[in-house]
Structures are given as structure tokens and as C-alpha cells.
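Chemist: Take this structure first; my questions come after.
The values are calculated or read from the model by the stated rules, or taken from the named source; none is laboratory data. Given the structure is predicted, the values throughout are model-derived calculations rather than measurements. Positions of Cβ are backbone-derived with ideal geometry, glycine not excepted, and every protein chain shown enters the neighbour counts.
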Amino acid sequence: MNQAEQNADIVRRAYAAFNTADMATLTELMSEDIQWHTPGKSTVAGDHKGRDATFEQFGRYGGETAGTFKATLLDVLHSDDGAVVGIHHNTGERNGKQLDVYCCISFEVENGQVTDGREHFFDLYNWDSFWA
């Protein structure tokens with residue numbers, strides 16, 4: 001398996017760990033100085049620096065949806081420069097609202113760990129409305 005395929009495998013493992021709240025695996029796969037970026041104008045939008053801040057963001061996704069938030073992985077694309085894109089479908093329930101939005105995250109992977117994640121929503125209005 002070449003480096004690009006290894007990076008894609010890291011992202012696949014991270015999605016699986018996220019959806020099962022496997023913090024040990026997420027800690028292994030996420031750099032201590034990871035940067036995470038969530039677009040929009042909602043309460044969850046913003047930049048998060050460091051593993052603790054990123055995990056706090058992930059905790060909000062699960063906590064504010066009573067554990068219903070999921071990111072169902074559909075495909076992983078990778079390039080030789082270390083970049084990986086995960087394409088997924090987000091679902092969840094919150095305050096009587098249903099989340100149903102497609103998303104991709106562009107990941108940077110270095111030395112076997114994710115160093116940067118940038119979420120991109122196909123319907124940012126839907127995402128922001130859900131978190132309002």
C-alpha cells in the first residue's frame with residue numbers, strides 16, 4: 001500500500017472511530033495540534049485548534065443530538081500529496097429537527113495522523129438551520 005492509500009485508510013478508520021465514539025482510535029489518528037474548520041453561521045461554526053478543541057467540537061455533534069448524529073462515509077478520494085477527501089452523509093435529530101445533508105471533508109495527513117480537517121457542506125443553509 002502506497003502513502004496515498006495509507007492516508008485514505010487513516011481517514012476511513014477515523015470515520016469509523018467517530019461514529020462509534022472510539023476516542024482511543026481518534027486520539028491515535030488525530031495530531032495533537034490538529035486544526036478543524038466548520039463553516040457557516042451556526043453555533044458550531046468556527047476554527048478549532050488542537051486535539052482537545054477538535055474533540056470538544058465532535059462532542060457537541062453527539063451531545064447536542066442525543067447521540068443521533070452520524071457521518072455515513074460514502075467515498076474516500078486521495079492524492080499523492082497527502083490530501084484526502086471523505087464524502088459522507090450527515091444525519092441526526094435535534095430539537096425536533098432532522099439533519100439530512102451531504103458533506104465532504106478535506107483532510108491533510110502527515111506522518112500517519114490527520115493534521116487538518118475542513119468541512120464543506122453541499123447545503124450549508126440546511127446545516128446552519130439544524131444547529132440554530
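Chemist: If a residue has to be outside any helix (DSSP H, G or I) and surrounded by 15 or more Cβ atoms within 10 Å (Cβ to Cβ) to count, how many in region 26-38 make the cut?
Modeler: The total comes to 7.
Okay, residues lined up against (1) touching a Leu at 6+ places or on another chain (Cβ under 6 Å); (2) surrounded by fewer than 17 Cβ atoms within 10 Å (Cβ to Cβ):
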{"residue": "Thr68", "(1), (2)": "no, yes"}
{"residue": "Ile87", "(1), (2)": "yes, yes"}
{"residue": "Gly96", "(1), (2)": "no, yes"}
{"residue": "Cys103", "(1), (2)": "no, no"}
{"residue": "Glu108", "(1), (2)": "no, no"}
{"residue": "Arg118", "(1), (2)": "no, yes"}
{"residue": "Phe122", "(1), (2)": "no, yes"}
{"residue": "Tyr125", "(1), (2)": "no, yes"}
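Chemist: Inspect region 57-74 for any residue being in contact with a helix residue (DSSP H, G or I) (Cβ under 7 Å, 6 or more places away or on another chain) and farther than 19 Å from Thr25 by Cβ and give the result as yes or no.
Modeler: No, every residue in region 57-74 fails to be in contact with a helix residue (DSSP H, G or I) (Cβ under 7 Å, 6 or more places away or on another chain) and farther than 19 Å from Thr25 by Cβ.
Chemist: Mind listing just one residue for me: the one in region 1-43 that is among the aliphatic types (A, V, I, L, M) and at pLDDT below 95 and, of those, nearest to His89 (Cα to Cα)?
Modeler: Restricting to residues being among the aliphatic types (A, V, I, L, M) and at pLDDT below 95, the top hit is Ala21.
Chemist: Of the conditions (1) closer than 15 Å to Val11 by Cα; (2) at pLDDT 95 or above; (3) of a type in the set (S, T, N, Q), Thr68 satisfies every one except a single condition; which number is it?
Modeler: (1)
Chemist: Still on this structure, I have one more. Restricting to region 11-25, give me the number of residues that are surrounded by fewer than 20 Cβ atoms within 10 Å (Cβ to Cβ) and touching a helix residue (DSSP H, G or I) at 6+ places or on another chain (Cβ under 9 Å).
Modeler: 8
Chemist: Every residue in region 15-33 that is within 27 Å of Ala132 (Cβ to Cβ) and in contact with a strand residue (DSSP E or B) (Cβ under 7 Å, 6 or more places away or on another chain), please.
Modeler: Tyr15, Phe18, Asn19, listed by residue number.
Chemist: OK, next. On the phi > 0 side of the Ramachandran plot and either within 12 Å of the chain's Cα centre (by Cα) or not acidic (Asp, Glu) (or both) - does that describe any residue in region 5-20?
Modeler: Within region 5-20 (the criterion being on the phi > 0 side of the Ramachandran plot and either within 12 Å of the chain's Cα centre (by Cα) or not acidic (Asp, Glu) (or both)), the answer is no, since none of the residues qualifies.
Chemist: Here's another thing I want to ask about it. Taking the stated definitions as given, is Thr72 exposed (fewer than 13 other Cβ atoms within 10 Å of the Cβ), at negative phi and in contact with a His (Cβ under 6 Å, 6 or more places away or on another chain)?
Modeler: yes
Chemist: Okay, next question. Any residue in region 77-100 that's under 28 Å from Gly67 (Cα atoms): show its pairings with residues that are surrounded by fewer than 20 Cβ atoms within 10 Å (Cβ to Cβ) and among the aromatic types (Phe, Trp, Tyr) at Cβ separation under 6 Å, as long as the two are six or more apart or on different chains.
Modeler: His89/Tyr102
Chemist: Continuing with this model, one more query. From Ala53, Ala66, Ala14, which residue is in a loop (DSSP other than H, G, I, E, B) and aliphatic (A, V, I, L, M)?
Modeler: Just a single option satisfies the conditions, and that option is Ala66.
Chemist: Still on this structure, I have one more. Quick one: Glu56 ticks every box in (1) loosely packed, with under 15 Cβ neighbours inside 10 Å; (2) touching a strand residue (DSSP E or B) at 6+ places or on another chain (Cβ under 8 Å); (3) of a type outside the set (Lys, Arg); (4) within 30 Å of Asp80 (Cβ to Cβ) bar one, so which box is it?
Modeler: For Glu56, the exception is condition (4).
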